[in-house]
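Read-outs throughout are calculated quantities, based only on the coordinates presented, and are distinct from any laboratory measurement. Computed from a predicted model, the values in this text were never measured in an experiment. As a convention, Cβ positions derive from the backbone with ideal geometry for all residues, glycine included, and neighbour counts pool all protein chains shown.
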Amino acid sequence: ASAEIGVIGLGVMGANLALNIADHGFDVAVYNRTEERTREFAAGAGELSSKIIPTGSLEEFVAAIRPPRPVIIMIKAGDPVDQQIAALKPLLENNDIIIDAGNANFRDTMRRFEELKDTGLTFIGMGVSGGEEGARFGPSIMVGGTEASWNRVSDVINAISAKFNDEPCAAWLGENGAGHFVKTIHNGIEYADMQMIAEIYGIMRDGMDMKAPEMAGVFDAWNSGPLDSFLVEITSKVLATGDDKTGKPLVDVILDAAGQKGTGRWSAIESQQMAVPASAIEAAVGARSLSAMTGLRAEAEELLGRPDLGRFEVGGNAAALLEQALLAGKVAAYAQGFAVMAAASKEFGWNLPMPIIAKIWRAGCIIRSRFLDEISEAFTKTPDVANLVMTPEFSRIVKETDTALRTVVAEAVRKGLPVPALSSAVAYFDQLRRARGTANLIQAQRDFFGAHGFERIDGKGENHGPWNMGN
Ligand code: NDP
C-alpha cells in the first residue's frame, strides 16, 4: 500500500481532482464503477501516471492506500453515495476517513455522519467549487467534520486548493454538515449572481438594442471595477464568442432554458426553514424554472402579447447606472446568503467563521470576486453584525447605489423587461430599512380570523381586537 489518498469516481470532477492531487506530489489510488473509465484515465495521465494507481475493484483500491486511509468519493450525489459508502464500509478499517466531495444535500451529510458514528470510521462532508478547471488546478474547498479528522487531511486538501495571496482557499468550517451547507449557499449566491447578470444583459439586448460584442466590451470594462469577478469576466468572454456554424454571436443561438441540479433550490428551501429571507436567491431559482418552460412562454407571448413599451431610457450614462444596479443587487444576494448561514450556524451549533468563508471564496470557486475580500474585511471588523448591509462598508455601498438600483428596476418594469432578482433587491432593502412596516395589518387580520392576538406598540392592554365578526 503506497497511496496517500484514494479517489472514487473519475467523472469530470473526480478525474481532475485526482490529477491535481498527483500534481502536488501525492500518490493517489483511483477507482471508478465503470472500469473502462479508470483505464482511459490512467492512460491519459501522461507524466503524472507514476503517481496514479488505477484499481479495478474496491478491494484492490482499499489495499492500495496506506492506513489510516483518506478516501474521497466524487460521484453523482444522492443514492449513489449511500451505495458507495455501504460497499466501502466492510473493506475499511478503524480511523479510515470517508470524504464525500460531491454536491451533497447537507441534510444527507448530517444523516451519514450519524450512520457512521460508532463504526470507527470518520466522515467528512466537503464542498468543492470551481468546476472542471478548479478541480484540476485549485478549487475552493469547504470542509465539515470533526476538527481532528480535518487535521489529518488538511495537508493534501490545502495543497490542492486554490490560493489567494498564497493562502489556501480551503478551510474547516465546522462539524458534520457545515461544509456542504456552506457549499449549498455558495451555489445559491451563484444562482443570484448569474441571474442578475442575465437581467442586465436582457436590458441591454432588448431595451437598448445592443449586440453581443458591444456588451462584451461593457462587461469587460466592469471587470476592472467593483464588479471584478469570475462571472463578469466569463460573461464578457461568452458575449465575445462567435458561432462557427452561423457566424452569429454564440450566445444568440443558445436556447434560453436554464438547467439546474438542485443546490440553488436547496438554498432557497433552507432559507425558508431558517425563516431568513433570501429573496434574490429565490427569484433566481424561480427564474431558471420559468426559463425552462419554453413552450408555455411561447404560448403566453402569443396569448398575452409581449409588452413592447419602448427603449430603456435612463438619461445620461446607462452603462454606469447598470453597473451600480448590479453591484447593489449583489450586495442583497450576499447579505441574504450570509444571513442564512448565520441562522443555520446557530441552529446546528457550527459556529461558522464568516470572514474565513468569504476568504476561501476569493479564489478557485465560481463566485470568486474582489467583492469577497471586502466582505471578509467587513466581517472581521464587525464579527457580530446582524446583516452584512449593517457594516459601515456595505451600508455605504447600499446608499451609494440606491438611486441606480431604483432607477434601473423602475425603468425596466416600465418597459416590460423582466428583472425578478434585481427588483427583489429593491424590495428587500426597502423593507429592511423601514422601522415601521405594514405587518400590523397582517397581525390584525390574523387576530380577526384566527384569534392569534397581537402586541400593541405601547405594550398596554388588550391583545385581541373587538372585531365585528358579523359583517
Ligand atoms: P460526472 O457526471 O462527470 O461523473 C459522475 C461519476 O459518478 C462517474 O464517475 C460515475 O461512474 C459515478 N457514478 C454515478 N452513479 C454511480 C453509482 N451509483 N455508483 C458509483 N458511481 C457512480 O459528474 P461530476 O464529476 O460533474 O460530478 C461529481 C460530483 O461533483 C457531483 O456530486 C456533482 O454535483 C459535484 N460537483 C460537480 C461540479 C461540476 O462543475 N461538474 C462542481 C462541483 C461539484 P460511471 O463512470 O460508472 O458512470
(request) Have a look at Phe312, Trp350, Thr438 and report the one farthest towards the positive end of the charge dipole of the chain, computed about the Cα centre with Cβ charges (Lys/Arg +1, Asp/Glu -1). (result) Thr438
(message) How long are the semi-axes of the equivalent ellipsoid of the chain, defined as square roots of 5 times the Cα gyration tensor eigenvalues? Whole Å, largest first.
(response) 42, 30, 21
(request) Only Lys, Arg, Asp and Glu count, each charged at its Cβ (+1, +1, -1, -1), so figure out the dipole size of the chain about its Cα centre, rounded to 20 debye. (result) 720
(request) Determine which lysines satisfy two conditions relative to Lys261: a Cα distance under 16 Å, and not lying fewer than 8 residues away in the same chain. (result) Lys76, Lys183
(message) Cut-off is 10 Å between beta-carbons; in what order do Val71, Val12 appear when sorted fewest neighbours first?
(response) Val12, Val71
(request) Subtract the Cα-Cα distance of Glu313 and Arg66 from 0.36 nm times their separation in residues, and report this length gain in nm to one decimal. (result) 82.3 nm
(request) Could you tell me the distance between the Cα centroids of the stretch 207-256 and the stretch 375-398, to the nearest Å? (result) 32
(request) Apply the Karplus parameterisation 6.51 cos²θ - 1.76 cosθ + 1.60, with θ equal to phi minus 60°, to every residue of the stretch 349-362 and state each ³J(HN,Hα) to the nearest whole Hz, in sequence, with x for glycine and proline. (result) x, 8, 6, 4, x, 4, x, 6, 4, 4, 5, 6, 8, 6
(request) Once you have the Cα-Cα distance between Asp430 and Thr34, take 0.36 nm times their residue separation minus that, and quote the gain in nm to one decimal. (result) 137.2 nm
(message) Skipping prolines and chain starts, which residues have an amide H placed within reach, meaning under 5 Å, of the one on Cys169, given they are 5 or more residues away or on another chain?
(response) Ala162, Lys163, Phe164
(message) Suppose each label sits 7 Å from its Cα in the direction of the beta carbon; what would the Ser224-Ala148 distance come out to in nanometres?
(response) 5.4
(request) Quote the FRET efficiency, to the nearest 0.05, computed for Glu214 versus Asp155 with a Förster distance R0 of 60 Å and r equal to the Cβ-Cβ distance. (result) 0.80
(request) Evaluate the charge dipole of the stretch 184-432 about its Cα centre and quote only its size in Debye, nearest 20, assuming +1 on the Cβ of each Lys and Arg and -1 on the Cβ of each Asp and Glu. (result) 320
(request) Quick one: Debye curve from the alpha-carbon atoms of the stretch 184-432 only, equal weights, vacuum; give me log10 I(q)/I(0) at q = 0.12, 0.14, 0.15 Å⁻¹ to two decimals. (result) -0.69, -0.95, -1.09
(message) Report the Cα centroid-to-centroid distance between the stretch 128-193 and the stretch 414-458 in angstrom, as an integer.
(response) 37
(request) Starting from the Cα of Lys163, draw a straight line to each of the aspartates and glutamates and keep only those under 18 Å, dropping any in the same chain fewer than 8 residues away. (result) Asp23, Glu132, Glu133, Asp155, Asp228, Asp373, Glu374, Glu377
(request) Per DSSP H run of n ≥ 4, the term is -39500 (n - 2.57); total these for the chain, divide by its residue number, and report the mean residue ellipticity at 222 nm rounded to 500 deg cm²/dmol. (result) -17000 deg cm²/dmol
(message) Please list, in order along the stretch 328-344, the HN-Hα scalar couplings obtained from phi with the Karplus expression 6.51 cos²θ - 1.76 cosθ + 1.60 (θ = phi - 60°), rounded to whole Hz, x for Gly and Pro.
(response) 4, x, 4, 4, 4, 4, 6, 4, 5, x, 5, 5, 5, 5, 4, 5, 5
(request) Would you work out which of Val413, Ala287, Ala332 lies farthest towards the positive end of the dipole of the stretch 184-432? Charges go on Cβ: Lys and Arg +1, Asp and Glu -1. (result) Ala332
(request) Mind checking the full-extension length gain between Trp467 and Glu47? Use 0.36 nm per residue of separation minus the Cα-Cα distance, one decimal, nm. (result) 143.1 nm
(request) Please say if the stretch 297-452 is rounded, prolate or oblate, where rounded means a/c under 1.5 for a ≥ b ≥ c the square roots of the C-alpha gyration tensor eigenvalues, and otherwise the choice is prolate for a/b larger than b/c and oblate otherwise? (result) oblate
(request) Assign unit charges at the C-beta atoms only (+1 for Lys and Arg, -1 for Asp and Glu), then state the dipole size of the stretch 398-471 relative to its Cα centre in Debye, rounded to the nearest 20. (result) 180
(request) Would you grab the residues whose amide H sits under 5 Å from the one on Ile53? Only those 5+ places off in sequence or on another chain, please, with H modelled 1.01 Å from N. (result) Val28, Ala29, Val30
(message) Suppose a student asked you for the relative contact order of the stretch 184-432, using Cα pairs under 8 Å spaced at least 6 residues apart; what percent would you report?
(response) 29
(request) Note down the nm distance, to one decimal, between modelled labels 7 Å out along Cα→Cβ at Leu296 and at Lys237. (result) 3.4
